[in-house]
Amino acid sequence: MPDTSTCIEETFTVPHRLRVYFTRAVFSCENNLLAALIAKPEGANAAKVLMVCDANTVDCQSQFQAEVARYLNTQVGDVAFTYLALPGGEVVKNETHYLTQLYDAIESNQLCRHSYIIAVGGGALLDLVGYAAATAHRGIRLIRMPTTTLSQGDGGVGVKNSVNAYGKKNFIGSFAVPHAVINDYAFLDALPERQMRDGYIEALKVGLIRDRDFVEWIEAHADALVLRDPSAVERLIERSAQHHVNHIVQGGDPFEVGSSRPLDFGHWVAHKLEQMSAFHISHGEAVACGIALDTLYSAKSGTLPLADAERILKVIQQLGFSIYYPELAATDSQGRLIVMQGLYEFREHLGGQLTICLLKAIGLGYDAHEINAEWIQECIESLHRYSATSKQTVSR
Ligand SMILES: NC(=O)c1ccc[n+]([C@@H]2O[C@H](COP(=O)([O-])OP(=O)(O)OC[C@H]3O[C@@H](n4cnc5c(N)ncnc54)[C@H](O)[C@@H]3O)[C@@H](O)[C@H]2O)c1
Ligand SMILES: [Zn+2]
């Protein structure tokens, strides 16, 4: 039978705008930033705003809720405002009833595509709320207010959202450009030390693959960062956020259609470690260990000078991170490294050819398509020794 198929094919382009603001005290009545981003829809009595807040980010929820309501009433005017507090951390991405709770709030408050959802919290809460906002009514305007160093400089300024499923991180999710991102540094004042550090490692990560000057700046300011010097912290976040925005806007693959995920340097290990530790190892801690392993592997495979690898391990430790966790060496009943499953899960998540970012130099990443399991094993052993002595050198 002759082929009678026909096809209509047109190409179209949809412009997107990614806005990331930096401020302090966003809800103080002198600060007009947020108000300028909220408009009452034509013909409606009021703008609808649902705020979802990570319960750990503010000391007193009822006081905070009242402060936001006051701000919206005075700065925006007619606003129908609803407030919902949810737990922070990975639990909100793991347990499906939080997603249901959000859809319920969106439905019962009759939010529409002209409404606003403001998500205030760490990266986990932003991922969850972002997913609900992207999917309810096929998309409600989302204003993200990241409250951790990690989310202010990294995940919170991007276009991804997700929840976990089947024991796998970010199994369900979508790409959606937020209406705006507001980084309010005042939220960081209450951030515990451990979470404070987590953002530093994502900044180091982006420097390692893109920006040698930034790595050297972090190296020189490691002590100031550990002491939470505000000007150092703010500079780190801004430069890290700029790199992430540049990647999305200029990198040519904002919605990750290809097989490469260059900003995920160290993450194939990290995601698996987080999972293996039942999330007791935080994302940043796992990334630190993943970067350490992929750095050593880059040296082992001959692309990165060994001295550079050791310098990187030192910076990671100066920032207060461990470069080794016993989970790295855990094996299954057949003696295989469990962490290697992370490689397959990473590829499965993205599809296509295995593509792992490794280092050619400090500030220069490249895509590798093969990973040698024996070398990984050797690097894990080296990392163990290195972490014990902090003087261990790597054998080639
Ligand atoms: N969407 C993306 O592109 C992207 C990128 C990177 C990471 N992520 C995701 O982000 C999550 C990690 O985010 P995170 O590092 O921000 O941690 P987190 O959201 O897990 O928060 C860590 C802890 O800090 C608390 N917290 C948050 N802000 C606080 C504040 N200001 N004061 C006191 N406590 C506060 C939280 O309640 C939680 O207990 C992971 O789920 C990761 O997968 C997403
Ligand atoms: Zn990360």
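Some notes on this structure:
- Using alpha-carbon coordinates, inclination of helix 283-300 to the longest axis of the chain, degrees: 30
- Note on R347: accessible area approximately 100 square angstrom, rounded to 10, probe 1.4 Å, nucleic acids and ligands left out.
- In Å², nearest 10: area of D229 left accessible to a 1.4 Å probe: 60
- S333 contributes about 120 Å² of solvent-accessible surface, heavy atoms of the protein only, 1.4 Å probe.
- For N170, residues with placed amide H under 5 Å, excluding near neighbours: N164, A165
- Ratio of Rg to Rh over the chain (Cα coordinates, Kirkwood Rh, two decimals): 1.00
- Mean Cβ neighbour count within 10 Å, used as a protection proxy, ranking 91-97, 205-211 highest first: 205-211, 91-97
- Overall Cα dimensions of the range 297-396, principal axis frame, Å, largest first: 36, 33, 26
- Taken about its Cα centre, the chain carries a charge dipole of roughly 260 debye when the Cβ of each Lys and Arg holds +1 and the Cβ of each Asp and Glu holds -1.
- Expected 222 nm ellipticity per residue - DSSP helices of 4 or more, -39500 (n - 2.57), all of the chain, to 500: -13500 deg cm²/dmol
- Residues F214, F175, sorted by accessible area with the largest first, give F175, F214 [1.4 Å probe; ligands and nucleic acids excluded].
- Simple spin-label estimate for N170 and F12 in nanometres, 7 Å along Cα-Cβ: 2.9
- Here S390 and Q250 are evaluated by their C-beta separation; at R0 = 25 Å the FRET efficiency comes out at 0.10.
- Of all beta bridges that DSSP places with both ends in the chain, some 30 percent have antiparallel geometry.
- Built amide H within the under 5 Å cut-off of Y21, gap 5+: V181, I182, N183
- Separation of alpha-carbon centers, the range 48-88 and the range 139-181, rounded to whole Å: 20
- Helix 123-135 vs. the chain, principal-axis angle (Cα, 0 to 90°, nearest 10): 50
- Angle in degrees between helix 267-276 and the longest Cα principal axis of the chain, rounded to the nearest 10: 80
- On the basis of the beta-carbon distance and an R0 of 30 Å, R70 and S231 show a calculated FRET efficiency of 0.50.
- For the range 232-245, backbone phi angles converted through the Karplus equation (6.51, -1.76, 1.60; θ = phi - 60°) give residue-by-residue couplings of 5, 4, 5, 5, 4, 5, 5, 5, 5, 4, 4, 4, 5, 5 Hz, Gly and Pro being listed as x.
- Taking Cα centre as origin and charging only the Cβ of basic (Lys, Arg, +1) and acidic (Asp, Glu, -1) residues, the dipole magnitude of the range 20-190 rounds to 480 debye.
- Kirkwood's formula applied to the C-alpha pairs of the range 193-389 gives a hydrodynamic radius of 16.8 angstrom.
- Options V91, L273, V206, ranked by Cα towards positive dipole end of the chain, top entry (Cβ charges): V206
- Protein accessible area in the range 240-362, 1.4 Å probe - carbon and sulfur %: 52
- The mean sequence separation of alpha-carbon pairs under 8 Å and at least six residues apart, normalised by the residue count of the range 20-190, gives a relative contact order of 25 percent.
- Building the convex hull from the alpha-carbon atoms of the range 20-190 and averaging its projection over directions returns 9.0 nm².
- Of all DSSP bridge pairs formed entirely within the range 20-190, close to 15 percent run antiparallel.
- Per residue, the solvent-accessible area of the chain (1.4 Å probe, heavy atoms of protein chains only, all protein chains present) comes to 45 Å².
- Rounded to the nearest whole angstrom, the semi-axes of the ellipsoid equivalent to the range 15-69, taken from the Cα gyration tensor as √(5λ), stand at 22, 17, 12, largest first.
- Kirkwood Rh (inverse of mean 1/r, distinct Cα pairs), the range 47-126, angstrom: 13.2
- Test item: Cα-centred dipole of the range 264-382, Lys/Arg +1 and Asp/Glu -1 on Cβ, debye: 220
The values are calculated or read from the model by the stated rules, or taken from the named source; none is laboratory data. Predicted, not measured: the structure shown is a model, and the values here were computed from it. Cβ atoms come from the backbone with ideal geometry, glycine included; neighbour counts cover every protein chain shown. Note: accessible area is taken over every heavy atom of the protein model, side chains too, but ligands, DNA and RNA are not part of it. Shrake-Rupley method; radii C 1.70, N 1.55, O 1.52, S 1.80 Å.
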